[in-house]
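No value in this document is a laboratory result; all are computed from the given coordinates. Fair warning: this is a prediction, and the values are worked out from it, not measured in the lab. Reconstructed Cβ throughout: ideal geometry from the backbone, glycine too, with neighbour counts over all protein chains shown.
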Amino acid sequence: MYIDARGWKYRVMDGIGDNAFKGRYLQPNGHGWKCMRALPWRKTEAEAQSDLDAYAKKKGWMKT
């Protein structure tokens, strides 16, 4: 999981159906995790995590 300067949290979660994983975010006062539009759906959790790791590094997010 990652957190940015605004306090938003980011992590990989599964979607509906088999083999559907994507990065999602939660705002500090949010009501549920939302899909990150900047990241694609992936067939494996490892692929989605790799996408999120690269994006987090680019954005300078902290790992929690």
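Structure notes:
- Residues of segment 1-60 classified as assigned to a loop (DSSP other than H, G, I, E, B) and among the aliphatic types (A, V, I, L, M), total: 7
- In segment 38-64, the residue that is surrounded by the fewest Cβ atoms within 10 Å (Cβ to Cβ) out of those that are under 10 Å from the mean Cα position of the chain (by Cα) and of a type outside the set (S, T, N, Q) is ALA38.
- For first residues located in segment 39-51 and over 7 Å from PHE21 (Cβ atoms), partners that are surrounded by fewer than 13 Cβ atoms within 10 Å (Cβ to Cβ) and lie 6+ apart or on another chain with Cβ distances below 6 Å form the pairs LYS43/ASN19.
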